[in-house]
Structure formats: C-alpha cells, structure tokens
Amino acid sequence: MKKFLYPLIFIIFSNLINAQETEKLEPKITFSGYAEIFYNYDFAEPENHIRQPFLYTYNRHNEFNLNIGLAKAHYETETMRANLAAMAGTYVQDNMAAEQGALKFVNEANVGFKISKDKNLWIDAGILPSHIGWESAVGKDNLTLTRSIAAENSPYFETGAKISYTTDNGKWFLSGLVLNGWQRIAKLEGNQSLGIGHQLTYTPSTIFSINSSSFIGNDKPKGEKKMRYFHNLFATLKPTDKFTTILGFDIGAEQKEKGSDAYNIWYSPNVLAKYQITEKAGIGGRLEYYNDKNGVIISTATPKIFQTFGYSLNFDYQIHQNILWRTEARGFSSKDAIFIKDGNPTNGNFSLTTSVSAWF
C-alpha cells in the first residue's frame, strides 16, 4: 500500500506546486444571498402546524415562515476555491436536528485545490452540497416549488472529501467521495465507519444530460451496523428553451440485520416538467411514487408502511429579475391510512403552498 501511496502523494503535491506557480487568475471574492418566504395551507389542518414527518421543507401549516435564508461567500483563484455559507429557516430546523450546536447553521464550509497543471482535476473537502439528486435546497433552482419525497429523504448535504475531474470539452464530470455518513456533518455517536460515493455526469449538449450518483456505507452505531447501498439516476431533457423535463429513479438497499445477506429495498420513480409560457410566467408539475414497504427511510405504524403516490402543479411568475413568486397545489395518496384529518386516519392529503424568493 505504501509503495502505491507515496508516489501518488508526490504526484499530487508536485502538480499542485506547478499549478500555483503558473496561476494567472487574480483572487476573487463574491458574496451572494438567498431568502424564500412561504405560506402553506394543509387541508388536514394539523393542530401543531407541523406537516408530514417525511417532509423537511415548506413544512409549516397556516403560517408565514422562512423556508431558508442563505448568506454565502465564495473565494476563487485559478488553483483554489472556497465556500462559506450560513443559513436559517425551517429547512434548518427540520434537516439539521441531528447536528451539534452552531453546526446546524452551516450550509457550506469547504476548500478545494486544483491538483493538475493542465487538467481540471480538483480535491475539495469540508461541508458540501450533496452529490445526490435532481433537486437542491435552493427553491428557485428547481422545476417545482416543493421538493419530491425522494429529495426530502436523501441527502441535501454531506461532509467529507472528494476528487473530481471535468473533461476539457465539459461533457464528462466524474467524482469519487469519502463521507462522514448519510447527510451528516458530525458522525453519529458509536459509528466507526466512513461512507463512499461517486458521481458521473454526461452532458453531450444543452438538450440532454444524464447523471449517476451513489452512496455506500453504514449510518448506524458499530454494534448495529447495517450496510446501505443507494443509487440515484436521472436524465434532464430540454428540447426547447421553453420546456424542461427530468426523469429520475432512486433505489436503495439496506441489510435487514447486522451481517445479514438479506436486504430491505426502497425505490422512487419521478417525472418532473416545466414549461415557460412567457418570459415571466411558467408552469411546472411532478408525478412521483415512493415505495419503502419495510420502513428503512420512512417508517409508519401501518401494515404496508410507506407506499405513496404524489402529484403537484405549480405556477411561477418572475416579479423582478431577482424575485420569483410561486404557487403550488400538491396531493398524496397512500395504500395505508398514514395521514390524519379531523383526528382520523386517512389515505390522502392535499395542500396549497405559495412562496416568494429573492436573491442577489
């Protein structure tokens, strides 16, 4: 192993030194901000105003609230890059509940170095945006107002190190990652294992791209270790300037017991689309299904656990160059009565959400 590692380390540092010596780009710091205010009305009218336990964004009923507010600094030279971003909002409360102290408010904190003089080859480390999924926490960047069940129940962020390479023509992107776990900053107490992952993206043109991402690891204490294998696949098609669609499929498997050869499976197919009616107005929609009949990710106290179909339709209007207003109707239908309305279990749920986002 040492015979392999020492030459590799020498090559990396030699390339890094050469790259720094030929650096041409002056250091550049940019600052940006983003905020999204929302109002949701859930027709089940939950008394505590907290909506479905499998949703982690726009998850407050009958109140105006901040989904996410971001303040970000980005530093870049030809051979170095760094990001530091702080955040607040209900997204933080719901997604960062397992994190410690002030770490809850860190959206990004990472540093990257270019390790090749001639090629676009980088190493980045720290708190990073997730390499998994077709949706992000920043609402304006997504085709629909709310996030899919698949996005809500796979990592939005990750902590670790990655090596990435982009081809000279920009058509191929490849990265390998070593991670603290499944959507974690600090490692789970008692967990002694690291996770690994990959991302491969092929973009032959502005019309089409396809992405493959994975996670392999254990996200439980050592005594309860269960290996988890997860793959995310999606294609983005944009045949015209006005129409965009995403076809996505997530599938995961986790050991039923420590050391077991038997696995619990979950999966989620998705179809999302957006049509830009005019320069300022557009419509979007989503059809989705999430099957987790063994309760690996989403657990319920019902016989068939979580097997749920979802749909949504949203209308978007660009009020200003940097202000977007969106309104969405969204429904769920499940095999079991996993929702509550008027104090009674029911198979369906329906809600309306509206939001205004602004950025600079």
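Can you compute log10 of I(q)/I(0) for segment 226-356 with the Debye formula, treating each Cα as one identical point scatterer, at q = 0.09, 0.18 Å⁻¹?
Once normalised to I(0) and log-transformed, intensities are -0.38, -1.05.
Rounded to the nearest 10 Å², what accessible area does LYS258 have for a 1.4 Å probe in the complete protein model?
120
From the phi angles alone, apply the Karplus equation (6.51, -1.76, 1.60; θ = phi - 60°) to segment 217-234 and give each ³J(HN,Hα) in whole Hz, x where the residue is Gly or Pro.
Residue by residue, segment 217-234 yields x, 10, 10, 10, x, 3, x, 10, 3, 9, 6, 10, 10, 9, 9, 10, 10, 8 Hz.
If I ignore ligands, DNA and RNA and count only protein heavy atoms, how much of LYS256 is accessible to a 1.4 Å probe, in Å² to the nearest 10?
90
From the convex hull of the Cα coordinates of segment 191-268, what is the mean projected area in square nanometres? Please list the in-between numbers first.
On the way: hull surface 24.6 nm².
For segment 191-268, the mean projected area of the Cα convex hull comes to 6.1 nm².
Please give every one of the lysines within straight-line cross-link reach of LYS258, meaning a C-alpha to C-alpha distance under 30 Å, and leave out same-chain neighbours fewer than 8 residues apart.
Correct list for LYS258: LYS162, LYS187, LYS220, LYS222, LYS225, LYS226, LYS293, LYS304, LYS335.
Taking Rh as the Kirkwood radius computed over C-alpha pairs, what is the Stokes-Einstein D of segment 52-125 at 37 °C in a medium of viscosity 0.692 mPa s, expressed in µm² per second? Mind dumping the intermediate values first?
Values: Rh = 14.5 Å.
The estimated diffusion coefficient comes to 226 µm²/s.
Can you give the charge dipole size of segment 25-148 about its Cα centre, rounded to the nearest 20 debye, using +1 on the beta carbon of Lys and Arg and -1 on the beta carbon of Asp and Glu?
Values: 11 positive and 15 negative charges, 78 e Å.
Here the size comes out at about 380 debye.
Once you charge only the Cβ atoms, +1 for Lys and Arg and -1 for Asp and Glu, what is the size of the charge dipole of segment 76-212 about its Cα centre, to the nearest 20 debye? Let's see the in-between values first.
Working: 11 positive and 13 negative charges, 41 e Å.
Computed charge dipole of segment 76-212: roughly 200 debye.
Could you work out how far helix 2-21 tilts from the main Cα principal axis of the chain, as a 0 to 90 degree angle to the nearest 10?
Computed tilt is about 90 degrees.
List the aspartates and glutamates whose alpha-carbon lies under 12 Å from that of LYS242, not counting same-chain residues fewer than 8 positions away?
Filter leaves GLU279.
The values are calculated or read from the model by the stated rules, or taken from the named source; none is laboratory data. From a predicted model like this one, the values you see are computed outputs, not experimental measurements. Neighbour counts run over all protein chains shown; Cβ positions are idealised from the backbone, glycine included. Just so you know, the surface numbers come from the protein's heavy atoms only, side chains and all, with ligands and any DNA or RNA stripped out. Shrake-Rupley method; radii C 1.70, N 1.55, O 1.52, S 1.80 Å.
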